[in-house]
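Accompanying notes for the structure given below.
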Amino acid sequence: MMNDFLETIVARTRERVHDLRPARPAAAKSPFAFSKALSSDHIRLIAEIKSASPSAGVIVDKPDVEAIARQYKTGGAAAISIVTEPEFFRGSHDWLSRAAKATALPVLMKDFVIDERQLLCGIAAGANAILLLASLLDATQIRDSISLLDEFGCDALVEVHDERELERAIAGDARIIGVNNRNLRDFKVDLATAEALGASMPAESIKVAESGIKTKRDVDRLRAAGFDAFLVGESLLRQNDRESAVKALIS
């Protein structure tokens, strides 16, 4: 495996979007549903559906998107995250509308966005929010992407891994900032990443902790560091009883 897997994924993404036709999405029926779902006082969980990842291999082969999404909703998840990248994560845009229809929860599209056509296609596919990686976009690109999404009532979750990326997100006027505790270059996970960056995040932003969250103790630790919401994928997907696993994290 390459030391810098991110570069490989981005190179393949460039090939994938080269001939992408821009979609013509309609504005959201419920504007900014994702940020609204993350704005209550109790623990807000963004529960993720993905089939595979470069670090974990196959997690759920051909996932039953509707069934998993319903389990998450019944457990008390505030939103659903869908990894749509097709090659390394085996995802699909179709899962966005399927999860939304099954639960009526807001859905987040996670892909490696490098082109505004991906944003338009994501909105057209039913995304209420789209992940923007500060490792791939500069402050101007982040601001422009958020501005485009705003036109359609779609939120942006801007993901950072370090201080420099956080500065980029803040300069790009990010309102929802996620700290990924997994380094996408070597896949190491450390909750201290979120703790270190949490103090530097704007007070008015919605703060999301991502990756490496497995227990209620992890959630409590990150809540103490100022985080509002928690994105959890692999540890939930591997449970036999996903509904109970969600309940255990937010109890």
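The values are calculated or read from the model by the stated rules, or taken from the named source; none is laboratory data. Every value quoted in this text rests on a predicted model; they were computed, and no experiment measured them. Cβ sites come from the backbone with ideal geometry, for glycine too, and all protein chains shown count toward neighbours. When the accessible area is computed, the model is the full protein with side chains, heavy atoms only, and any ligands, DNA or RNA have been set aside. Shrake-Rupley method; radii C 1.70, N 1.55, O 1.52, S 1.80 Å.
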Pairs needed: first member in segment 78-91, touching a residue at least 40 places away in the same chain (Cβ under 8 Å); second member anywhere, in a loop (DSSP other than H, G, I, E, B) and β-branched (V, I, T); C-beta distance under 7 Å; at least 6 residues apart or different chains.
G91/T84
Residues located in segment 131-154, provided they are in a helix (DSSP H, G or I), out of contact with any helix residue (DSSP H, G or I) (no Cβ under 8 Å at 6 or more places or on another chain) and of a type in the set (A, V, I, L, M, F, W, C)
I146
Residues satisfying the stated conditions in segment 195-227, i.e. under 14 Å from the mean Cα position of the chain (by Cα) and over 23 Å from A52 (Cβ atoms)
I206, K207
As an exercise: evaluate S211 against (1) at positive phi; (2) open to solvent by 30 Å² or more (accessible area, probe 1.4 Å); (3) modelled with pLDDT under 95 and give the number of the one condition it does not meet.
(2)
Taking segment 144-159, which residues are under 10 Å from L132 (Cβ atoms) and not polar (S, T, N, Q)?
I146, L149, A156, L157, V158, E159
Selection over segment 73-89 where residues are surrounded by 19 or more Cβ atoms within 10 Å (Cβ to Cβ) and not in a helix (DSSP H, G or I) yields a count of 10
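Is one or more of the residues making up segment 53-62 modelled with pLDDT of 95 or more and open to solvent by 10 Å² or more (accessible area, probe 1.4 Å)? Break it down into steps so the answer makes sense when it comes.
So in segment 53-62, the residues modelled with pLDDT of 95 or more come out as none.
There is no residue in segment 53-62 that is modelled with pLDDT of 95 or more and open to solvent by 10 Å² or more (accessible area, probe 1.4 Å).
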Out of curiosity, is L222 in contact with a helix residue (DSSP H, G or I) (Cβ under 6 Å, 6 or more places away or on another chain), farther than 21 Å from L132 by Cα and buried (at least 22 other Cβ atoms within 10 Å of the Cβ)?
yes
When you go through R16, R70, R98, R21 one by one, which is the residue that is in contact (Cβ under 8 Å) with a residue 40 or more places away in the chain, open to solvent by 30 Å² or more (accessible area, probe 1.4 Å) and part of a helix (DSSP H, G or I)?
R16
